[in-house]
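Student: Starting off with a structure, shown below.
The values are calculated or read from the model by the stated rules, or taken from the named source; none is laboratory data. For clarity, every value in this text was computed on a predicted model and none was experimentally measured. Here Cβ is always computed from backbone atoms with ideal geometry, including for glycine, and neighbour counts include all displayed protein chains.
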Amino acid sequence: MKIIIIGGGLVGSLAAVFLGQKGHEVHLYEYRQDPRGTTLNEGRSINLALSMRGRTALRAVGLEKIVLQKAIPMDGRMIHKTDGTTSSITYDPVLKNCIYSVGRKHLNELLLDEAENSPNVHLHFGKKLLKVNVSSGTITLKVPDGATEEVKGDLIIGADGAHSAVRRDLMKATPVTFSQTYIDHGYLELSIPPENNHMMAPNHLHIWPRGKFMMIALPNLDGSWTVTLFMPLSSFTTLRATKDILGFFQTHFSDAVELIGADRLVRTFMANEASHLVSIKCSKYHYGSKVVIIGDAAHAMVPFFGQGMNAGFEDCTILNDLLHNHDYSVNRALELFSIKRNPDAEAICDLAMYNYIEMRDLVNRKSFIIRKTVDNM
Ligand code: FAD
């Protein structure tokens, strides 16, 4: 089959690995430049929590061990209280299961390299999907010199993220129930430099739960930590001046000022806007035997369960299984993908959203701090 994948993010590149290994002629189109060899860290978060769903998919293509070699195990949460004291909660003291912090860029690059190891996989960067003719399986791309190019495939997979152009054209061609919810919280990424690593308990996902807002930190291989502050967007706009930013942190996250460094903290706040968070549900995910959407294109979710990438990776496992391990026609495989995947994907979206509401309203309950934190990842 000639398969076109739109989007070379985490999910599109893993789909290319799966389908390349099955011997299909795969063409992946990504509108950004090839991330390999650049120092640019584009994307929504620098590191992510990898959990069992994602590991299962990586294992299926022989990459789990390689990914885990450069991943940092997080076998517990470290709760930072307002007074600066901390307490550790182990995730799984009996079976010792844990989640892993992985670098988004590293993982994306590794998946692209692996995809290219199949000679039948072709990666095309700097080409933007403009439209999809879903009934003929033809796509129109904008190429770097500004011209357009048409390509036809047997199957088009939209892995082009929350604002998917494939989904937009799918919805024009067939009835799709669709909803999109922006929550009133946004996020800002900060960082703890490697020289302060010794002040952070290793192998933990650190959490500063504060009722209406919270902060988390995940470790990076270079000894730095990526810190994410989640807060109402309206609160971000009140923190513009140095004294307000530092005052806010000294009141709510006193230990984080030293960890991040006052100068770095203020600089990051002043140089960056908070990003929005969106949850997207749609049903169905396919059109005939020609088009299917996966990953955030099908089910973007708020990040409070740390399951967006993991669920997208699981899509790849399920789609691959339906396309290859049964005697289904492509049409039937895609139909079953929509039927099978949708309730689970929507349930994860709901759980992620529910956890956001829990955090916002109930986080000060003692039981919540123990059980219901962001890191059900
Ligand atoms: P994307 O990563 O959005 O990739 C889509 C790709 O398609 C992009 O490369 C884009 O350039 C390309 N594209 C878009 N439009 C076009 C076009 N028209 N033509 C060509 N190419 C196009 N998930 C976890 O599992 N664990 C976590 O810990 C976690 N933490 C998160 C923290 C934050 C703050 C956020 C916001 C998300 C987090 N997620 C996490 C979710 C995770 O980032 C996403 O679920 C994941 O990146 C989705 O991958 P994707 O490939 O489907 O989409």
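Student: Out of all the residues in segment 188-206, which are within 13 Å of the ligand (Cβ to nearest atom), surrounded by fewer than 22 Cβ atoms within 10 Å (Cβ to Cβ) and not acidic (Asp, Glu)?
Tutor: So the first thing to find is which residues in segment 188-206 are within 13 Å of the ligand (Cβ to nearest atom), and the list is 188-190, 205.
When the remaining residues are screened for being surrounded by fewer than 22 Cβ atoms within 10 Å (Cβ to Cβ), the result is 188-189.
Within segment 188-206, Leu188 is the sole residue that qualifies.
Student: Assuming Val292 fulfils every condition listed in (1) among the aliphatic types (A, V, I, L, M); (2) within 28 Å of Met74 (Cβ to Cβ); (3) touching a Gly at 6+ places or on another chain (Cβ under 9 Å) apart from one, which condition is it?
Tutor: Failed condition: (2).
Student: Answer yes if at least one residue in segment 216-226 is among the β-branched types (Val, Ile, Thr), at pLDDT below 95, buried (at least 17 other Cβ atoms within 10 Å of the Cβ) and touching a Ser or Thr at 6+ places or on another chain (Cβ under 8 Å), and no otherwise.
Tutor: Of segment 216-226, the ones among the β-branched types (Val, Ile, Thr) are 216, 226.
With the extra rule that they be at pLDDT below 95, the set shrinks to 216.
Narrowing the set further to residues that are buried (at least 17 other Cβ atoms within 10 Å of the Cβ) leaves 216.
If we keep only those that are touching a Ser or Thr at 6+ places or on another chain (Cβ under 8 Å) as well, we get 216.
The answer is yes; a qualifying residue exists.
Student: Here's something else I'd like to know. Collect the residues in segment 120-136 that are farther than 12 Å from Ile4 by Cβ, part of a loop (DSSP other than H, G, I, E, B) and within 14 Å of the ligand (Cβ to nearest atom), keeping them in residue-number order.
Tutor: Gly126
Student: Moving to a separate point now. Only one of His326, His299, His276 is modelled with pLDDT of 95 or more and surrounded by fewer than 14 Cβ atoms within 10 Å (Cβ to Cβ); which? Give the derivation first.
Tutor: Numbers: His326 fails: modelled with pLDDT of 95 or more; His299 fails: surrounded by fewer than 14 Cβ atoms within 10 Å (Cβ to Cβ).
So the residue among His326, His299, His276 that is modelled with pLDDT of 95 or more and surrounded by fewer than 14 Cβ atoms within 10 Å (Cβ to Cβ) is His276.
Student: Could you list, in sequence order, all residues of segment 232-244 that are touching a residue at least 24 places away in the same chain (Cβ under 8 Å) and under 21 Å from Asp263 (Cα atoms)? It would help to see each step written out before you state the result.
Tutor: Of segment 232-244, the ones touching a residue at least 24 places away in the same chain (Cβ under 8 Å) are 232-234, 236, 239-240, 242.
Across segment 232-244, the qualifying residues are Phe236, Leu239, Arg240, Thr242.
Student: Run down Phe313, Phe305 and say which single residue is hydrophobic (A, V, I, L, M, F, W, C), closer than 22 Å to Asp184 by Cα and within 14 Å of the ligand (Cβ to nearest atom).
Tutor: Details: Phe313 fails: closer than 22 Å to Asp184 by Cα.
Exactly one residue qualifies, and that residue is Phe305.
Student: Taking the stated definitions as given, is Pro209 within 21 Å of Phe253 (Cα to Cα), touching a residue at least 40 places away in the same chain (Cβ under 8 Å) and surrounded by fewer than 19 Cβ atoms within 10 Å (Cβ to Cβ)? Give the derivation first.
Tutor: Working: within 21 Å of Phe253 (Cα to Cα): yes; touching a residue at least 40 places away in the same chain (Cβ under 8 Å): yes; surrounded by fewer than 19 Cβ atoms within 10 Å (Cβ to Cβ): no.
When the stated conditions are applied, Pro209 does not pass them.
Student: In this structure, does Thr86 turn out to be farther than 21 Å from Asp296 by Cα, β-branched (Val, Ile, Thr) and over 27 Å from the mean Cα position of the chain (by Cα)?
Tutor: Yes: the conditions hold for Thr86.
Student: Does Phe304 satisfy the criteria of being assigned to a helix (DSSP H, G or I) and touching a Gly at 6+ places or on another chain (Cβ under 6 Å)?
Tutor: Values: assigned to a helix (DSSP H, G or I): yes; touching a Gly at 6+ places or on another chain (Cβ under 6 Å): no.
So Phe304 fails the test.
Student: Moving on. Among (1) hydroxyl-bearing (Ser, Thr, Tyr); (2) in a helix (DSSP H, G or I); (3) within 13 Å of the ligand (Cβ to nearest atom), there is one condition Ser279 misses while meeting the rest; what is its number?
Tutor: For Ser279, the failing item is (2).
Student: Given segment 30-113, what strands (runs of 3 or more DSSP E) lie entirely inside it while holding 1 or more residues that are of a type in the set (Gly, Ala, Ser) and at pLDDT below 95? Spell out the reasoning first.
Tutor: Working: elements: 47-50, 72-74, 76-80, 86-90, 99-103.
Ranges flagged: 76-80, 86-90.
Student: Which of the residues spanning segment 172-187 are under 23 Å from the mean Cα position of the chain (by Cα) and within 16 Å of the ligand (Cβ to nearest atom)?
Tutor: Gln180, Thr181, Tyr182, Ile183, Asp184, His185, Gly186, Tyr187 - these are the residues of segment 172-187 that are under 23 Å from the mean Cα position of the chain (by Cα) and within 16 Å of the ligand (Cβ to nearest atom).
Student: Among the residues of segment 93-119, how many are among the basic types (Lys, Arg) and away from the ligand (no atom under 15 Å from the Cβ)?
Tutor: So the answer is 1.
Student: Residue check, Ile139 against (1) in a strand (DSSP E or B); (2) away from the ligand (no atom under 11 Å from the Cβ); (3) under 15 Å from Lys290 (Cα atoms), all met but one. Which one?
Tutor: Evaluating Ile139 over (1) in a strand (DSSP E or B); (2) away from the ligand (no atom under 11 Å from the Cβ); (3) under 15 Å from Lys290 (Cα atoms) leaves (2) as the failure.
Student: Conditions: (1) over 27 Å from Thr138 (Cα atoms); (2) of a type in the set (Phe, Trp, Tyr); (3) over 16 Å from the mean Cα position of the chain (by Cα). Tyr287 meets all but one. Number of the miss?
Tutor: (1)
Student: A follow-up question, please. Looking at segment 239-267 only, could you name the residues that are modelled with pLDDT of 95 or more, surrounded by 12 or more Cβ atoms within 10 Å (Cβ to Cβ) and among the polar types (S, T, N, Q)?
Tutor: Correct list: Thr242, Gln250.
Student: Now, a different point. Considering only residues of segment 1-35 that are surrounded by fewer than 24 Cβ atoms within 10 Å (Cβ to Cβ) and over 15 Å from Ile156 (Cα atoms), which is farthest from the ligand (Cβ to nearest atom)?
Tutor: Gly23
Student: Looking for something touching a residue at least 12 places away in the same chain (Cβ under 8 Å) and among the acidic types (Asp, Glu) - is there at least one such residue anywhere in segment 258-272? First the steps, then the outcome.
Tutor: Kept after step one, since they are touching a residue at least 12 places away in the same chain (Cβ under 8 Å), are these residues of segment 258-272: 258-262, 264-266, 268-270, 272.
Narrowing the set further to residues that are among the acidic types (Asp, Glu) leaves 258.
Yes, the conditions are met somewhere in segment 258-272.
Student: Within segment 149-171, work out how many residues are β-branched (Val, Ile, Thr) and near the ligand (Cβ under 10 Å from one of its atoms). Walk me through how you get there before you give the answer.
Tutor: Filtering segment 149-171 for residues β-branched (Val, Ile, Thr) gives 151, 156-157, 166.
Those left that are additionally near the ligand (Cβ under 10 Å from one of its atoms): 166.
Number of matching residues: 1.
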